[in-house]
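The values are calculated or read from the model by the stated rules, or taken from the named source; none is laboratory data. Keep in mind the model is a prediction, meaning the values are calculated, not measured. Cβ atoms come from the backbone with ideal geometry, glycine included; neighbour counts cover every protein chain shown. Accessible surface areas use protein heavy atoms only, side chains included; no ligands, DNA or RNA. Shrake-Rupley method; radii C 1.70, N 1.55, O 1.52, S 1.80 Å.
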Amino acid sequence: MHKILCSTGALIGRPNGRNIHLLGTCLEKLTCDGFEFMMYSTWYDSLADILSYLRSLRTVFPTMHCEKGIGERITRGGEELTEAFAHFTKNCEIAAEIGAEILVLHLWNGIDSDRHFDRNLEACGKLLEIADAYGLTLSVENVVCNAGDPMTHLKELAGAYPDLHFTFDTKMAQFHRQIEDLYKPENRSVADRIIHLHINDFHGGYMDWSSLRTLHMGDGDIDFDSFFRFVINSGYTGDFTVEATSFDETGAIRFDKLNHTFGKIRQMLETYKA
């Protein structure tokens, strides 16, 4: 049965000091089925406390989102590649500790993005080996690109690694105008590997970097009716994570906004169920 998850990154960010201890105050106010834990680079020095706290909560973390800087280090290569593998291993340890099964990764990211995608492609093999050693399923996300495009890169990865899976983010896809590309028969090698979905909206033009914000479903331009119809008819059995930013400049969390989005996803699933 599908779970509707909330990214901890939707709740916890710079305005509220990235205070993970806020999560406990959110549990009774949210109608989601669990959480996708988002790892921040600033948390490595306090991991023992963070892990102890997460294990104490009465909730589940079926999915973990790796620290985003890992992909940037891979792209830059050289000595940073060694650092990337070390950080990825640490993220695998965290995921195993909190009971996650799926590990979402930005294989490329940031300003460097996919400028040297050959490095990212090659590194993926070792990342798969590391994740497998921890009993985790690696799921590469269709992150926005500044050199190529995510669908092309996912197809390259699918051809190189038969056991690799994908996380599909609707905002990332809309940024490149690639949501409808997912429906095309020639892209089945990607669609059939999707095991996790990020349901976020986007309002802006093609590769409009000034509009690259993570919006709630319905606050942008994505045709979610067509998307959910395709997803359900394709036999998708995985979970859905809402990552939409849900805190204001003071750090206050909009629980009403999040719960409304969770409800809309459930309504879509009911409407288009097979």
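Leaving out ligands, DNA and RNA, what percent of the accessible area of region 180-235 is carbon and sulfur, probe 1.4 Å?
The nonpolar share, carbon plus sulfur, comes to 47 percent.
Return the long-range amide H neighbours of K3 (sequence gap of 5 or more, or a different chain), with a cut-off of under 5 Å between placed amide H atoms.
Those lying under 5 Å, H to H, from K3 are D239, F240.
Taking a threshold of 24 Å on the Cα-Cα distance, which of the pairs K171/K257; K29/K273; K3/K90; K155/K264; K90/K264 fall above it?
Correct reply: K29/K273; K3/K90; K155/K264; K90/K264.
Give the carbon-plus-sulfur fraction of the accessible surface of region 1-88 in %, rounded to a whole number; probe 1.4 Å, heavy atoms of protein chains only.
50 percent
Pick out the long, greasy-scoring helices in the chain: whole DSSP H runs spanning 20 Å or more along their own axis by Cα, mean Kyte-Doolittle at least -0.5.
79-98, 117-133
What whole number of Å gives the distance from the Cα centroid of region 56-89 to the Cα centroid of region 245-269?
Comparing the Cα centres of region 245-269 and region 56-89, I get a distance of 26 Å.
For a quick check, take a GNM of the chain with Cα springs below 10 Å and name the residue from S226, S56, S211 with the largest mean-square fluctuation.
Comparing S226, S56, S211 in a Gaussian network model of the chain, the most mobile one is S56.
Determine the gain in length on full extension of the stretch I130-T89; use 0.36 nm per residue of separation and subtract their C-alpha separation, reporting nm with one decimal.
Stretched out fully, the I130 to T89 stretch lengthens by 14.1 nm.
Give the cysteines in the chain for which no other Cys Cβ lies under 4.7 Å away, or write none if there are none.
Isolated Cys, the chain: C26, C66, C92, C124, C145.
Using the heavy atoms of the protein chains alone and a 1.4 angstrom probe, what is the accessible area of the chain per residue in square angstrom?
Value returned for the chain: 44 Å² of accessible area per residue.
For every helix of n ≥ 4 consecutive DSSP H residues, a contribution of -39,500 (n - 2.57) applies; sum these over the chain, divide by its total residues, and give [θ] at 222 nm rounded to the nearest 500 deg cm²/dmol.
Using -39500 (n - 2.57) per qualifying helix, the result is -11500 deg cm²/dmol.
Sorted by packing (mean other beta-carbon atoms within 10 Å per residue), highest first, where do 263-273, 170-180 land?
170-180, 263-273
Quick one: of the DSSP bridges fully inside the chain, what percent are antiparallel, nearest 5?
5 percent
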